[in-house]
Amino acid sequence: MVETTAYKPLDMDTLAHRLTSVEAITQRIGADGSKWKVKEVGDGNLNLVFIVEGPLGSVIVKQALPYVRLVGDSWPLPLYRSFYEFHALTRQAARDPGLVPEIYHFDEGQALIAMEFLSPHVILRGKLIAGERVDDLASRLGRFCARTLFRGSDLSMKAAQRKADAALFLGNVEIIAITEGLVFCDPYFDAERNHHTEGLNALVGQMRDDVALKTEVQHLFVKFGANAETMLHGDLHTGSIMCTDTETKIIDPEFGMYGPMGFDVGMLIANFLMAYFSQPAHRSDQDLAGYQAWILDVTKDIWTSFVAEFTILWNSERDGMLYPKSMFEDQGHSSEPALQAVLSNIWFDALGFCGIEMHRRTLSLAHNADFESIEDPATRAPLEARNLMMGCDLILNRSAIGTVDALTMLAESFNRKAVL
Ligand code: SR1
Ligand code: MG
């Protein structure tokens, strides 16, 4: 029987008592709650996450808190985000089977999802800081983006179904407001929740006085808000990816929403570029060049794999209302130029969103461990400065960066720059 009482956060002492009635859990880990071992492992910004281990196996129990965990109860946040996470996971599982954790149980009232325990997977960001490689990482990520973005759009879905889905996800208001504020606005003025490394003041001041930069960021914000093109993951950074040395899984789509295809791709690439720029603080001289080259190869291959898979889907599953075969192939006309134009739009949008993500993880509220784990500000500041400057270049000059090779060459040139 599913618990129907009012919402109450779980804790390690009460979890077993409260969840032994959930058959979807007991059949996987065993019915005797007194034998369960419970560990709270949430290290993200928002939720409680428990590993529950029983005699038969383990599950993850993720529960939303009614506030932003990172900040505390001064920043209330609706519990309904777990409803959107549940729906986003369900859709992603159908669109790219095997890439997201399996859901065992969803309790909307308790804002709780019980799901597959991924083991021995760890968060990718930690692996990148530790200098570890993952086989097939880029191809899995590129394919995941292509499959979820294509199959969630009017290129593939029936129009009525896609509209109903877009309407459903429109309700994820307060969660998307986090992105709207922290990503698209706060980095570009002296917002209350901002912080940045001492030593960056002059550069940050220049950025905040750059009206052309701020205007371009707002143009991209318009696209983010107005172009409900497909269902996005919405928070696709290296902390939302779990890997072994050979397997990749995507987690945490609670920021799921309908938006432009370039957003997920851009966020993802930004997080690899930030891993790249932070490496001088994490690697020995001997390992640095080789590992940085591997990160840039992954970045390139993400885009190449995305394009390859998107092209396959374009040719085999283009059954939605956009660019219909009835107007192209059925008339004896190739749709290849249209495909290239669509890919080109995604690319240039992605570069802009990438630049903004590079800024917000350095200047706004939620920084990333790639830079944040560098203890010495004097070491951290110049690496963050390269990252900030490349972000500006991407936002302002992205139309000149026509290929992924040009992007990685640009990263290499910023990585060589003597800054500060
Ligand atoms: C207040 S939440 C801050 C960040 O954490 C999430 O993972 C998202 O990236 C969000 O922007
Ligand atoms: Mg998250």
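The values are calculated or read from the model by the stated rules, or taken from the named source; none is laboratory data. Keep in mind the model is a prediction, meaning the values are calculated, not measured. All Cβ positions, glycine included, derive from the backbone under ideal geometry; neighbour counts span all protein chains shown. We work out accessible area using only protein heavy atoms, side chains counted, and drop any ligands, DNA or RNA first. Shrake-Rupley method; radii C 1.70, N 1.55, O 1.52, S 1.80 Å.
Annotations
- Selection of the range 119-135 for residues being in a loop (DSSP other than H, G, I, E, B), closer than 21 Å to Gly98 by Cβ and touching a Cys at 6+ places or on another chain (Cβ under 9 Å) yields His121, Val134.
- Candidates are the residues of the range 152-177 that are within 18 Å of the chain's Cα centre (by Cα) and open to solvent by 20 Å² or more (accessible area, probe 1.4 Å); the one that is nearest to Leu363 (Cα to Cα) is Ala177.
- Search result, residues across the range 10-21 that are open to solvent by 60 Å² or more (accessible area, probe 1.4 Å) and either among the aliphatic types (A, V, I, L, M) or within 16 Å of ligand 2 (Cβ to nearest atom) (or both): Met12
- Put simply, of Lys214, Lys223, Lys249 the only residue that is in contact with a strand residue (DSSP E or B) (Cβ under 9 Å, 6 or more places away or on another chain), within 22 Å of Leu407 (Cα to Cα) and open to solvent by 10 Å² or more (accessible area, probe 1.4 Å) is Lys223.
- A search for C-beta distances below 7 Å between a residue of the range 21-49 that is on the phi > 0 side of the Ramachandran plot and any residue that is surrounded by 19 or more Cβ atoms within 10 Å (Cβ to Cβ), counting only pairs 6+ apart in sequence or on different chains, returns Gly30/Gly54.
- Residue check for Met358: under 17 Å from Lys214 (Cα atoms), in contact (Cβ under 8 Å) with a residue 12 or more places away in the chain and open to solvent by less than 30 Å² (accessible area, probe 1.4 Å): yes
- Val49 meets the stated requirement of being within 16 Å of ligand 1 (Cβ to nearest atom), at pLDDT 95 or above and closer than 29 Å to Thr246 by Cβ.
- Yes/no for Met390 being crowded, with 17+ Cβ neighbours inside 10 Å, in a helix (DSSP H, G or I), of a type in the set (A, V, I, L, M) and at pLDDT 95 or above: yes
- Qualifying position, being open to solvent by 50 Å² or more (accessible area, probe 1.4 Å) and under 24 Å from Cys392 (Cβ atoms), among Lys300, Lys325: Lys300
- When residues of the range 308-333 are limited to those that are in contact with a helix residue (DSSP H, G or I) (Cβ under 6 Å, 6 or more places away or on another chain) and not hydroxyl-bearing (Ser, Thr, Tyr), the one nearest to Ser344 (Cα to Cα): Phe310
- Some residue of the range 319-342 being among the aromatic types (Phe, Trp, Tyr) and touching a Gly at 6+ places or on another chain (Cβ under 6 Å): no
- Counting only strands (runs of 3 or more DSSP E) that fall entirely inside the range 26-110 and contain at least 1 residues that are in the same structural domain as Met157 (by TED's automatic domain parsing) and within 30 Å of Asn368 (Cβ to Cβ), no element qualifies.
- Filtering the range 275-282 for residues that are within 16 Å of ligand 2 (Cβ to nearest atom) and surrounded by 24 or more Cβ atoms within 10 Å (Cβ to Cβ) leaves an empty set.
For (1) open to solvent by 30 Å² or more (accessible area, probe 1.4 Å); (2) aliphatic (A, V, I, L, M), each residue gets a yes or a no:
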position: Glu23; (1), (2): yes, no
position: Asp32; (1), (2): yes, no
position: Val49; (1), (2): yes, yes
position: Gln63; (1), (2): no, no
position: Asp73; (1), (2): yes, no
position: Leu77; (1), (2): no, yes
position: Phe86; (1), (2): yes, no
position: Pro97; (1), (2): yes, no
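- Answer residue from the range 226-246, given it is of a type in the set (D, E, K, R) and away from ligand 1 (no atom under 16 Å from the Cβ) and is least open to solvent (accessible area, probe 1.4 Å) among those: Glu229
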